[in-house]
């Protein structure tokens, strides 16, 4: 879990980057802290991203879109998919596969994870438009 | 004719392949991704490395 110094630093970064009403840290003094962030795609669609912080920054935090997304074929994006960069869903939410174990370091900020999830959403909407899998656009980490 | 989004996607793809002449920036003020020529200045955070490094499986 984040120490107070890191928590302050994360808040400072988000405060400098995003509107105050675009994010909210929740349950920070519990065993299950998380942050929710609003994400508006270039097309104007709004999603909520939830990043769970219980093991952050030591381990890769789980990141969800707080609803079940469907792919171009209408199937729920609820399971691990390399081509769509998703992991097994929880709570009925699509889970984004963002950073891999090889790329993760404790220095990666919540803001960077947010931007990565935001890029994932942009490519998700493009998938809905073109039918091409997301890994056509977002290559796999080596 | 390719939409703005499709152009963005194709540039992201090229960046992942290392063949793009553009870089990707996220402008937190507008909340939008923007493409711009490599090395140019502008507002927002350059995040091309995200596309170059790729996403986890």
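The values are calculated or read from the model by the stated rules, or taken from the named source; none is laboratory data. If you're wondering where the values come from, they're calculated on a predicted model, not measured in any experiment. We place every Cβ from the backbone using ideal geometry, glycine too, and count neighbours over all the protein chains shown.
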So residue B:30, is it out of contact with any strand residue (DSSP E or B) (no Cβ under 8 Å at 6 or more places or on another chain), modelled with pLDDT under 90, more than 10 Å from chain A (Cβ to nearest Cβ) and more than 24 Å from residue A:141 (Cβ to Cβ): no
Residue A:132 is checked against (1) surrounded by fewer than 18 Cβ atoms within 10 Å (Cβ to Cβ); (2) within 11 Å of chain B (Cβ to nearest Cβ); (3) in a strand (DSSP E or B) and fails just one. What number does that condition carry? (3)
For segment A:90-108, enumerate the residues that are within 12 Å of the chain's Cα centre (by Cα) and in a loop (DSSP other than H, G, I, E, B). A:97, A:98, A:99
In segment A:1-60, how many are in a helix (DSSP H, G or I) and in contact with a strand residue (DSSP E or B) (Cβ under 6 Å, 6 or more places away or on another chain)? 2
Considering each residue of segment B:21-37, count those that are surrounded by fewer than 20 Cβ atoms within 10 Å (Cβ to Cβ) and part of a strand (DSSP E or B), and give that number. 8
Would it be correct to say that residue A:59 is farther than 25 Å from residue B:33 by Cβ and either in contact (Cβ under 8 Å) with a residue 12 or more places away in the chain or surrounded by fewer than 13 Cβ atoms within 10 Å (Cβ to Cβ) (or both)? yes
Go through segment A:79-96 and report how many residues are under 19 Å from residue A:138 (Cα atoms) and buried (at least 18 other Cβ atoms within 10 Å of the Cβ). 8
